[in-house]
């Protein structure tokens, strides 16, 4: 398939595929962030910890070590908020109640975690 492309066509195809990879990676990171927030909320409830203000809570969640990132050097990534994958994640999170994560009952919170982790 690619052996019949000119060098310019091949470069354009590579750029297109890199953009797709960037979009998938970006949405995966968004989903992981929301999953981390939901799991921390569940942990907070199980441990019966007091409710902290949102900024303190987010700093605690995102300040944890989660291992190394990708070995490849970063590329500038500009993914539009109306990208189909971003919209799909937004709709899923909205349906699962992520906008009011602290007021979800425990069953709904566990369901949201399970669905987003899929």
Selected residue (only one of 12, 31 is modelled with pLDDT of 80 or more and surrounded by fewer than 15 Cβ atoms within 10 Å (Cβ to Cβ))
12
Scan the stretch 89-113 for residues that are more than 12 Å from residue 34 (Cα to Cα), modelled with pLDDT of 95 or more and loosely packed, with under 11 Cβ neighbours inside 10 Å and jot them down.
91, 95, 105, 107
Close pairs (6 angstrom Cβ cut-off, 6 or more residues apart or separate chains): more than 24 Å from residue 107 (Cβ to Cβ) in the stretch 41-62, modelled with pLDDT under 75 and part of a helix (DSSP H, G or I) anywhere:
none
Subset of the stretch 73-103 (residues that are over 20 Å from residue 28 (Cβ atoms) and in contact (Cβ under 8 Å) with a residue 40 or more places away in the chain):
102
When you go through (1) at pLDDT below 95; (2) surrounded by 13 or more Cβ atoms within 10 Å (Cβ to Cβ); (3) more than 30 Å from residue 15 (Cβ to Cβ) one by one for residue 54, which number turns out not to apply?
(2)
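The values are calculated or read from the model by the stated rules, or taken from the named source; none is laboratory data. Fair warning: this is a prediction, and the values are worked out from it, not measured in the lab. Please note: Cβ atoms are built from the backbone with ideal geometry, for glycine as well, and neighbour counts cover all protein chains shown.
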